[in-house]
Structure formats: C-alpha cells, structure tokens
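Novice: Once you've had a glance at the structure underneath, I'll fire off some questions.
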Amino acid sequence: MMRAAQAARTAAEASGRERPLVIGVTVLTSLDEGALAEVGVTRSVLDQVVHRHAGARRRPRRRRGVTAGDCGHPVRLRPDFAIVTPGIRPAAQAGTDDQARTMTPADAVAAGASWLVIGRPITAAQDPRAAAEAIARDTGETVRSE
C-alpha cells in the first residue's frame, strides 16, 4: 500500500498537482477491545490509537494525517497534519450500525477533526443532500462532496 501511495505522490509531483492526502489508519471504528484482542493487540483502543499516532509522527514525510479511530481523541501531531474522523452519526440518528465507537459531527469538529467520514447517515437517507446539509448546519460548515 505504501508503494502505491508513493507512486501516486510521485505522479502528482511530476504532473504539477497537489500530493494526495495519505493517512495512516489507527483503529477501525468498527473494532472494540475484544476484536483487537482477537488479532493480538493487547492495548486498549485509546492506547493503540496513541501508539499508531506515534508511528505516524516518526514518519512525517510518508503520511499527512491519520484516522481518529478512537472517535473523539484526535491527536494533532503538526498543524498541517489531517485528522480524519470516521464513525460520525448525527445526534438525532438512533443506532450506531456496525460502529463500536461513534460521535456527532459537532463533537468531532470540536475535538479537532479536519475531515469527517459520514457514510450511511447520508447515503441511506431518503434525501441525501438534505441529510448532508443538516449535518453541515449542525457543525457550522458548508456541504462539500469529495
């Protein structure tokens, strides 16, 4: 994966385009401590996230951000370091789907998230654009589709 990311970075630089945002994944929000233990991780979710953040700090040229897999404890390593926060669920939405940890869009922004990953609350809505606009209003942002 890192070779593919490096190839994308090299191609972007050669064509005069901005480098792609390469982020490191800390802990998937669908995993809890029991699931981590099944794959041999003995740290708590938060400790594993901090451990992975430290690894990203040691390789600043390779990654420009990390996921906030602990949902709510983003650690900004540098001012230009992106924090991508998955597991976002609007406050009015009941249920977490398959996510072990979730947070509201407003809480994620307040915790320092650079980007929010919001899937089903938008894609499964009867009116996806209206759902995205409502979420944006709750965070004080404007809707951007990327």
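Bear in mind that the values in this text are calculations on the coordinates, not laboratory data. Fair warning: this is a prediction, and the values are worked out from it, not measured in the lab. When we count neighbours, we look across all protein chains shown, and the Cβ atoms used for this are built from the backbone with ideal geometry, even at glycine.
Novice: Could you sort the peptides 24-33, 111-120, 10-19, 124-133 by per-residue average Cβ neighbour count (10 Å cutoff), highest mean leading? Write down the numbers at each step before the final one.
Specialist: Working: 24-33: 18.7, 111-120: 17.2, 10-19: 9.8, 124-133: 13.1.
Result, highest mean first: 24-33, 111-120, 124-133, 10-19.
Novice: Okay, next question. Enumerate the amide H contacts of L116 below 5 Å, restricted to partners 5 or more residues apart or on another chain; note that Pro and chain-start residues carry no placed amide H.
Specialist: Under 5 Å from the amide H of L116: T85.
Novice: Also: Could you check the simple spin-label distance between A125 and A8, using points 7 Å along Cα→Cβ, in nm with one decimal?
Specialist: The modelled label-to-label distance comes out at 2.6 nm.
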